[in-house]
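Peer 1: Take a look at the following structure, please.
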Amino acid sequence: MHATLLSSIVDTLGKDAFSGALMRWLYSSVPFDGFVVLGYPNSGELIVFHDGAPGVDSVSCNSIYRGGMWLFSPLHLHAKQGGQGFFHISDIIGSNFETSRFYNSYYNEVGIKDHVAYICQNGEGEAIVVSLERSHDLPLYSKEEIKWLSDWQPMVTSLLRRHWAGLENQNGIEKDLYENAKVQVRKLVYDKKLTPREEDALLAILKGLPNKLVARELGISVETVKVYCTKIMRKFGVNSRAELFASVLKQIVSSN
């Protein structure tokens, strides 16, 4: 059966049935209850190629993620930095996954217990991400399951690269949502009366960068970054980066 399912993937290359065939093949060896295929073109606009689960033709992509949370997703940030291959979420976030800011702001909110993904760089800054999610109804991925998925990474990424070429030509681009997220951040910058450099610092902070990397990105000292952070948090009326992150996210999501 496994070989038959693998053959069906090859037969569906370039066709609408490809994502479903890929999902069924992976599920035949490693069960999951969430399967999402996303595209991150170099223009930065989110593409949802497939969002479903085994036994379900299609489900509505999570509104929290599509509403703006994807901009802060560790997978998105890792992909935009050139990351590729097979990853368990802890490979990107670290061993303290369940205490991370993104876990508390998103995974815990929507009921995702564990998460693995394939990231395929498609050239010119484009990336395709295949996410296999587990809710609390399933156990954590075992070492054996992770090894099996990892061993098939060259095959999976090769299929993805052959099926999707030139993400800008695909349908389903979420331009309105992406543009709205940018508008909401600009609106916050205006409403909170942030200076241009404070705006730069805010955008770097929202990427999850520590002070040293914010300083490097902006070409300033770490002490200056700390001053900007203090001023930004005061203007937002918050006491920590976590509260700042939540405040910005709430504005983006509530506007959709």
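Peer 1: Could you sort the peptides 78-89, 144-155 by per-residue average Cβ neighbour count (10 Å cutoff), highest mean leading?
Peer 2: Working: 78-89: 17.6, 144-155: 14.7.
Sorting 78-89, 144-155 by mean packing, highest first, produces 78-89, 144-155.
Peer 1: Holding the Cα-Cα limit at 28 Å, pick out from Lys192/Lys226; Lys80/Lys147; Lys113/Lys235 the pairs that are longer than that. Walk me through the numbers before you get to the answer.
Peer 2: Details: Lys192/Lys226 18 Å; Lys80/Lys147 25 Å; Lys113/Lys235 35 Å.
Listed pairs above 28 Å: Lys113/Lys235.
Peer 1: Convert each backbone phi in the stretch 129-138 into a coupling constant with the Karplus relation 6.51 cos²θ - 1.76 cosθ + 1.60 (shift: θ = phi - 60°), then list the ³J(HN,Hα) values in order as whole Hz, x for Gly and Pro.
Peer 2: Listing the rounded values in order: 10, 10, 9, 10, 10, 10, 8, 6, 6, 10 Hz.
Bear in mind these aren't lab numbers, they're just calculated from the coordinates by the rules spelled out. Everything numeric in this text was worked out from a predicted model, so none of it was measured. For neighbour counting, all protein chains shown are included, and Cβ atoms are generated from backbone atoms with ideal geometry for every residue, glycine included.
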